Each structure stands twice: as C-alpha cells, then as structure tokens.
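Read the structure below first, then the notes.
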Amino acid sequence: MKKVIFFTTVLVAALISGCSQSKLPTFKNTGNPLIKDKFTADPAPMVHDGTLYLYVGHDEYYEGQDSAGGGKEFNITEWLCYSTKDMQTWTDHGSVLKPTDFKWGVGEAWAAQVVEKDGKFYYYVTALAGEPYNSRVVGVAVSDSPTGPFTDPIGKPLVSDEMTDNGPRGWWNDIDPTVLIDNNGQAWLCWGNGTCFLAKLKPNMVELDGDIQVLDMPRYVEGPWLSERNGTYYLTYASFGQGRENIAYAMAPSMEGPWTPQGELTGMAENSFTIHPGIAEFNGKWYLFYHNATLTLDGHKGAIGRRSVCVDELHYNPDGTMQHVEQTQKGVSK
Ligand code: FUB
C-alpha cells in the first residue's frame, strides 16, 4: 500500500511539474537580438544538467526616459530567466527575482549572475538598497531550483558601499557581481564600476572570506565576467572604447593571478553606450552573450535603457587566447 501511495505521489508531482513546464511560453531563435518581445540587458548564462539558463535584467520603457540621466535612463524592476537545450528553442520562465524580494532592496535590478554549488543556485545581484545603505549594493539570494523561488539567506547586502573604497564612481561602484568556483573549489566574487574588486567567498557562498583586492585592468569600466577553460582563467569586462563601452579581457594561470590584459574581445554594441559580457560553454561550443540596442518595441526604439540580449559564438586560439568576436545579426545555429 505504501508503495502505491509513493508511486502515485511521484506520478502526480511529475505531472504537475510537466504541466507547469509545458504551459510556459517558448520561442524560436531567429537571430540577434535573441529576445524580441521585451527589452533585456546584462545577460548571464548558466549551464546545468543539459540546459542553458539565461538570466537577464528587464529593461522597460517609461515616460520621460529619453531625457533622463544619472542612472535614471534605466528602469529595471525585475530579473527574467530563459532556458534552452539547443540554443534554438527557448522557454520563457518570466520574472524570477526582484530587488524588492530583498528586505533591504528598493529597486534597480542591474547586472546579476546565478551560480550553482552543491545543488543550490546562488543569485548574485546588483540592486539599490534603502536605509541604512542608500547605495547600490551586491546582494545574494538562493534557491533549490535554477528558476527559483529565490530567497535572501543573510538579510543584508553581501557587499555594501562602506566595505569598498569609492574610487572614481562613488556610491554606485559596488555593482555587477560575477562568481566563479575555481579548480581548487574556491569561490571568487568579482564586481565593480570604475574599480574592479575581487574577493574570496566562504564555502557557504554568502560571506566574503578575507580582504577585498583591487585588480588593475586597462580601461576598466564595469560588467566583469569570470570564466575558466582548460585551467586558464579569464576576466572579461566592459572597457572604455571610442566614447562607448566595448569588451576586453585578461587571462591568468590561476585566480590568484597574475592577470595579463589581452585587449579587445568585441567592439562597441550597436546603438548602446553599455555592453556586458556573459560567457558559457554549452553542448561543445562556447558562446559570448552581450546586449545591443537595436530592437524597436511598441514604437519605442532601442536606447541606453532599452537594450536587447544577443549571442554569438566564441572561439579560442591554440594558445588559449580568445578570437575577436564579430557581433552578427544571424546569431547562433545549433
Ligand atoms: O543594466 C544596468 C547597468 O548597465 C549594468 O549593471 C551595467 O553592467 C551596464 O550594463
């Protein structure tokens, strides 16, 4: 009897999860921009169990946006998640986290990344924190599933303004977290606007471990992304190009360094001041995700705060350096 109850429970659970999956909207990849029904930015891919999950910020139009400045060009109130098994058919999981899901969060869902460790999914985010922080901070939320629900395990920002030197960007320098677990099992958090910060994370993934270092990267602006391939570590970031951001990178034999700058990985994004890298290996290919601002939606043209996520293939040279990436309209095939 117990066995019958067990199998019935498993069957019902499987049916419920199958139904909820099949009800989610899907779309086909028709080239860049990848997502065409919403403005999206700051792509962060994560591969888990044969699926590539893509987390993005949801850029939204608001009245007055085109004359706004000082960060108000952006209206990003939530992070969205998409997934694919083949880079062609994508499932839209909708909104999976908002700054206001953190008790300290008051808005501005800027760049974020999800990393898996021991079956838990850690969402490292940039958000605006209210009293007593009153600045942009790095937060962390955790879930047992890549699509949430995510909850804040520490009840406070992981990095807040008073923990770092303000450098050239003042109170908004603690943004754009990226996390990598190196081949020794050590997790590293890198972030920053104007200054590139690097710190170890404790094994619990939700506390810094030791000092915060500053990495000196040429023309560094923001948007760092840590990755590893064949024992070589890569720090890819938005650097200052010809009046707008482009993407540059550095390489190191270990996360301890030394980091050797390698120059530009890809040029400026069409029509967008910002560009933001997200790198992943999936089904035997490497991909560079980024955003441009070429989409027009509901009569609103792409702009600094109305960006669109794109993806192109990334290739490596035999010496481990990355080949320059051409930003295409065609995007990626299977
Ligand atoms: O999307 C808001 C900010 O713009 C991000 O945090 C930066 O990386 C830049 O893309």
Exercise. Could you work out the relative contact order of segment 178-316, using alpha carbon pairs under 8 angstrom and six or more residues apart, expressed as a whole percent?
Key: 14 percent
Quiz item: Each residue of segment 64-71 in order: what ³J(HN,Hα) in whole Hz does its phi give by Karplus 6.51 cos²θ - 1.76 cosθ + 1.60, θ = phi - 60°, with x for Gly and Pro?
Solution: x, 4, 6, 10, 7, x, x, x
Quiz item: Using a 1.4 Å probe, what is the accessible area per residue for segment 59-314, in Å²?
Solution: 38 Å²
Quiz prompt | Nearest-0.05 FRET efficiency for Asp319 and Thr296, computed from C-beta distance (R0 51 Å) | solution = 0.75
Practice problem: Compute the semi-axes of the equivalent ellipsoid of the chain, taking the square root of 5 times each eigenvalue of the Cα gyration tensor, and list them largest first in whole Å. | Solution: 29, 24, 23
Quiz item: With θ set to phi - 60° and the Karplus curve 6.51 cos²θ - 1.76 cosθ + 1.60, what are the ³J(HN,Hα) couplings of segment 124-131 in order, to the nearest whole Hz, using x for Gly and Pro?
Solution: 8, 10, 9, 8, 8, 9, x, 3
Practice problem: Run the quick spin-label model on Asp118 and Met163: label points 7 Å from Cα toward the beta carbon, then report their separation in nm to one decimal. | Solution: 2.0 nm
Quiz item: Given charges of +1 on the Cβ of Lys and Arg and -1 on the Cβ of Asp and Glu, with all other atoms neutral, how large is the dipole of segment 59-314 about its Cα centre, in debye to the nearest 20?
Solution: 120 debye
Quiz item: HN-Hα J couplings of segment 238-250 from phi, Karplus 6.51/-1.76/1.60, θ = phi - 60°, integer Hz, Gly and Pro as x?
Solution: 7, 10, 8, x, 8, x, 9, 7, 10, 10, 10, 8, 10
Practice problem: Compute the signed sum of charges (Lys and Arg +1, Asp and Glu -1) over the other residues within less than 15 Å, Cβ to Cβ, of Phe102. | Solution: -2
Quiz prompt | Pairwise label distance in nanometres, Asn204 with Glu63, each label 7 Å out on the Cα-Cβ vector | solution = 4.7 nm
Quiz prompt | Residue pairs, from the table Lys38/Lys103; Lys38/Lys85; Lys23/Lys120; Lys120/Lys202; Lys85/Lys117; Lys85/Lys120, whose Cα atoms sit over 18 Å apart | solution = Lys38/Lys103; Lys38/Lys85; Lys23/Lys120; Lys85/Lys117; Lys85/Lys120
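The values are calculated or read from the model by the stated rules, or taken from the named source; none is laboratory data. Values in this document were obtained by computation on a predicted structure and should not be read as measured data. Cβ: placed from backbone, ideal geometry, glycine included. Neighbour counts: every protein chain shown. Heads up: the accessible areas ignore ligands, DNA and RNA and are worked out on the full protein's heavy atoms, side chains in. Shrake-Rupley method; radii C 1.70, N 1.55, O 1.52, S 1.80 Å.
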